[in-house]
Structures are given as structure tokens and as C-alpha cells.
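Participant: What follows is a single structure, and I will ask about it in a moment.
Just so it is clear, none of the values below were taken in a lab; they were calculated from the coordinates. Computed from a prediction, not measured in an experiment: that's the story for all the values here. Neighbour counts are summed over all protein chains in view; Cβ atoms, including those assigned to glycine, are modelled from backbone coordinates with ideal geometry.
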Amino acid sequence: MELRQEISKLKMPARDAKLTLLFIALLLFPGSAIPRGRTAAVVLTGELTQSIPPRTSQGLTGSQFARLVSQMNPQQREQAIKEEILKGNVPEFLRKLVPVDLSCELQGGKTLTATIFVAPDYLAIGSNNDFLRIPMNLHTALAIADQFGFILPTKKMVDAIYRQSRYHLAPQPLMAGPQMRSTEYYLKHNQMIDAQAQALGVKLGALVSGDKKDIVITNLLLKNVGKIAIYGWHRGPDAPIQPLSTVHGANYADYSHGLRLVSDKVLINGDLRSVFEILQNPSTARVLSDEGPIRSIEELLSQTSTLAIVSAPSN
């Protein structure tokens, strides 16, 4: 009780205070707090998805959602995507985050280590039995990440996720053209991923990569406000099909894109910290970003969200 009262004096947001209490408990009382065979990181991940509302039994399946939006224009479909996800129509397996380790060498030869917590696959709409991995534009991605307490990955995070994935799916590009942005292509590509995953015996909840390109956060967006940054779709370690690119406008999305949610809390040498704090600090940023500090990340996200209100669709 005394520990809880001391933390309350810090005037932390309720969610952060709860996470801090949990983490301290895990450190002080590991025998009683952690079931046998599990780590603090695994237990912690359950707290990091509590801002995602529970999915109701009446929620649309992935197939039903695809039919619903098939006749919508891109703006209507994007709104429908955001509404479904924000009300919690997300498969249960995506709520069980997976720890991914990163590191960098500091001056003096010391090593800084970090553990991020990521969704096992790209964000989807529907149930565990019928879900649609859903592409979305930058505005939708940022709104969802902010609401749920997540952040978009950096390029370095995407590479680490690929290297540490239990299953590596082979990229499956479809014919280029205007149809890349159609619901038909969204559904077709999802079915191709499902077929490959089934052939490989992929288990829901295991870390998977190679199936989509990532929407990422990068310093390039500071010079290209109003753009979306895409990276990845790896054929193998250090072999992405898509180099880091800001060619398309922030309203752009096509079948090959996905949103990998990364918690905005990270373990740094065993301490629970804010991802934003780590990315903006020159002495720690390199553990999460191969670009160094992303100093204006919160300002950038705010600017991009504002642009969503006034911007027209762009390619």
C-alpha cells in the first residue's frame, strides 16, 4: 500500500502507474508474481493491450467486413476501418504481444539493451477464426496507435522483428496498378497469406513476418510532412523488397501495407521507459533507431493528425 501511495504522488497517468507497480512487483517478488516457466516480459505484455476494447460476439468477421466495404470509396472504407478497430474488433491473438530484443554499443564499449513488445502479426479486423489483415493510411494508423498506447515501428525495429520471428513468410506481390488499392486486392492478398501460413503450420500468436510492408516512423517524415513512410517486406535478413520510402502521400494505402503495433513502453536494461523518451534522447535513441534520435516525433504525429482533417486523397 505504501508503494502504491508513493507512486501516486508522482501524478502519473493511471495506465503508466499500474504498469510501474506491476513491473516493481515482478522485480521484488518474482517467485509469487510470475507463473513457473514465464518471464517478466511475458507477464508484462498482458498489461500493454488493456486499452484495446474487448471484441464483442456480434463483431464482424474479416469476411463480413470485406463484403461491407467492397462498394465503399477509399475515404468511406478508411473511416470504417478506423471505427471497427477502435471499438475493439481485433482478433484475440493480436492482443498477446511478443518481446523483441534490440541493442547498440555505447561510447566506452558498454552495450545498451532494449526489449520492445510487438503484435505477433499485422493489425487485422475480425475473429481468430476469420480475420482480415487490413491496410490503412497513415492518419488511420496513427489514430489507432495513439488510442491504444502504441507507436509505429522504426526501420531498425522492423529488421529486428524479422530476424526474431518464429515464422518467415515469403512475400507474395500482386500485379501492380490501380487495383492495388481495392478491397478485392486486400482480400485476395490476405487469402494468399493465410494459405501460406497454413502450409507452414503457423500457430496464431507466434511472431510472423514477411507477409506485409510496414508503415514506419522515420526522420524523413520531418522533411516530407504529409507523406507516409513504408519499409520492409523481407525476403530474408537484411533483404527487404521495399527500401525506406516516402514517395506516397499520407492518405495512400495498398494491399501490401500493414500496421505492426509496437507498445509505447520499452524495457531498457531492465527499466520500464517510454519509447518516445528513448527515441528523442541522443544517448539512447540508437538502440531503437538506426537513424539516431527522432527528436520531434510527438510533434510530427500531431502535425500529421492535423493534416488528416484538411488533406485531400493523395497517391
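Participant: In percent, how large is the relative contact order of the range 59-310, given Cα pairs closer than 8 Å and 6 or more residues apart?
Facilitator: Averaging sequence separation for qualifying contacts and normalising by length gives 24 percent for the range 59-310.
Participant: Pairs to check: 188/213; 110/223; 212/265; 110/156; 156/223. Give those whose C-alpha atoms are more than 27 Å from each other in this structure.
Facilitator: 110/223
Participant: With only Lys, Arg, Asp and Glu charged, each at its Cβ (+1 for the first two, -1 for the last two), find how big the charge dipole of the range 59-310 is about the Cα centre; round to the nearest 20 debye.
Facilitator: Magnitude of the dipole: close to 220 debye.
Participant: Here is a follow-up. In the range 260-278, whose amide N lies under 18 Å from the spot 7 Å out along Cα-to-Cβ of residue 106? List them in ranges.
Facilitator: Flagged as within label range: 266-278.
Participant: Counting each pair of different Cα atoms once, what's the Kirkwood radius of the range 59-310 in Å, rounded to one decimal?
Facilitator: Evaluated over the range 59-310, this radius sits at 18.3 Å.
Participant: If amide H atoms are built 1.01 Å from N in the plane of the peptide, which residues on other chains or at least 5 residues away come under 5 Å of the amide H of residue 232?
Facilitator: The list, which skips near neighbours in sequence, is 214, 242.
Participant: Given points 7 Å out from each Cα along the Cα-Cβ axis, report the residue 87 to residue 58 separation in nanometres with one decimal.
Facilitator: 0.8 nm
Participant: Which of rounded, prolate or oblate describes the range 138-210 when judged by the alpha-carbon gyration tensor and an a/c cut-off of 1.5?
Facilitator: Taking the square roots of the gyration eigenvalues as a ≥ b ≥ c, the range 138-210 is oblate.
Participant: Once phi is turned into θ = phi - 60°, what whole-Hz ³J(HN,Hα) does the Karplus curve with 6.51, -1.76 and 1.60 give for every residue of the range 75-80, x standing for Gly and Pro?
Facilitator: These are the phi-based 3J(HN,Hα) values: 5, 5, 5, 4, 5, 5 Hz.
Participant: Report, by chain and number, residues whose modeled amide H sits under 5 Å from the one on residue 202, excluding near sequence neighbours (fewer than 5 apart, same chain).
Facilitator: Under 5 Å from the amide H of residue 202: no residue qualifies.
Participant: Residue farthest toward the positive end of the dipole of the range 130-227, with Cβ of Lys/Arg at +1 and Asp/Glu at -1: which of 201, 161, 178?
Facilitator: 161
Participant: Can you tell me how much longer the chain between residue 166 and residue 147 gets when fully stretched, taken as 0.36 nm per residue apart minus their C-alpha distance, in nm with one decimal?
Facilitator: So the chain would gain 4.0 nm between residue 166 and residue 147.
Participant: Please list the non-local residues whose amide H lies under 5 Å from the amide H of residue 227, H modeled 1.01 Å from N, same-chain partners needing a gap of 5 or more.
Facilitator: 250
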